[in-house]
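Chemist: The following block contains the structure, expressed as structure tokens.
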Amino acid sequence: MTTHRNAQQSEKPRVGTRGYTDVERARERLEATGAERERSQFSSGASAAYRWALGRAERSPVTGASGSEGVPDLYRLTAEVDAAVVQMDEPVSRPGPRDHTRGVHDALAWVCGYRDEAP
């Protein structure tokens, strides 16, 4: 019985340190919340991050890097978190784009295991 359950769990890849289903649920909750009220730049960024982390976007949300299909590995996810930090630290960044980048950062930081709560 345990073998069957493990086989089912291994059908979906891990996304960073999280299960694929956990990331999908976080994305769905975020999308449902955004549909109820006007979508913020933060929510838009977090949603873009989840789509990319789930392998559903051609380009990464901060750097715009492309290359591999499917779920990015932890190295690429972490590199995108780092790029978000650099971008948020820019003294001339405007509030709208900064909020979008913070949404990307917070979502990917959760995916990578740096945060306990999903945005």
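Chemist: Across the range 88-119, what is the number of residues that are of a type outside the set (Lys, Arg), within 16 Å of Phe42 (Cβ to Cβ) and more than 16 Å from the chain's Cα centre (by Cα)?
Modeler: 5
Chemist: I'd like to verify a number: residues in the range 82-119 that are surrounded by fewer than 16 Cβ atoms within 10 Å (Cβ to Cβ) and small (Gly, Ala, Ser), how many? Even if it seems obvious, please write down each step before you answer.
Modeler: Taking the range 82-119 as the starting set, the residues that turn out to be surrounded by fewer than 16 Cβ atoms within 10 Å (Cβ to Cβ) are 82, 85-86, 89-97, 113-117.
Within this subset, residues satisfying the condition of being small (Gly, Ala, Ser) are 93, 96, 113.
Counting residues in the range 82-119 that are surrounded by fewer than 16 Cβ atoms within 10 Å (Cβ to Cβ) and small (Gly, Ala, Ser) gives 3.
Residue by residue, here is whether (1) at pLDDT 85 or above; (2) surrounded by 12 or more Cβ atoms within 10 Å (Cβ to Cβ); (3) more than 19 Å from the chain's Cα centre (by Cα) holds:
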residue	(1), (2), (3)
His4	no, no, yes
Ala7	no, no, yes
Arg14	yes, yes, no
Arg18	yes, yes, no
Ala35	no, no, no
Arg39	no, yes, no
Phe42	yes, yes, no
Ala46	yes, yes, no
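Chemist: Among (1) assigned to a helix (DSSP H, G or I); (2) of a type in the set (Gly, Ala, Ser); (3) without any contact (Cβ under 8 Å) to a residue 40 or more places away in the chain; (4) within 18 Å of Gly16 (Cα to Cα), there is one condition Ala107 misses while meeting the rest; what is its number?
Modeler: (3)
Chemist: When the residues of the range 56-81 are filtered to those that are assigned to a helix (DSSP H, G or I) and under 11 Å from the mean Cα position of the chain (by Cα), which remaining residue is surrounded by the fewest Cβ atoms within 10 Å (Cβ to Cβ)? Steps first, answer last, please.
Modeler: The initial filter retains those residues of the range 56-81 that are assigned to a helix (DSSP H, G or I), namely 74-81.
Filter again for under 11 Å from the mean Cα position of the chain (by Cα), leaving 77-78, 80-81.
Working: Leu77: 23, Thr78: 18, Glu80: 24, Val81: 22.
Selected residue: Thr78.
The values are calculated or read from the model by the stated rules, or taken from the named source; none is laboratory data. These numbers come from a predicted model, not from an experiment. Note that we place each Cβ from the backbone using ideal geometry, even for glycine, and neighbour counts take in every protein chain shown.
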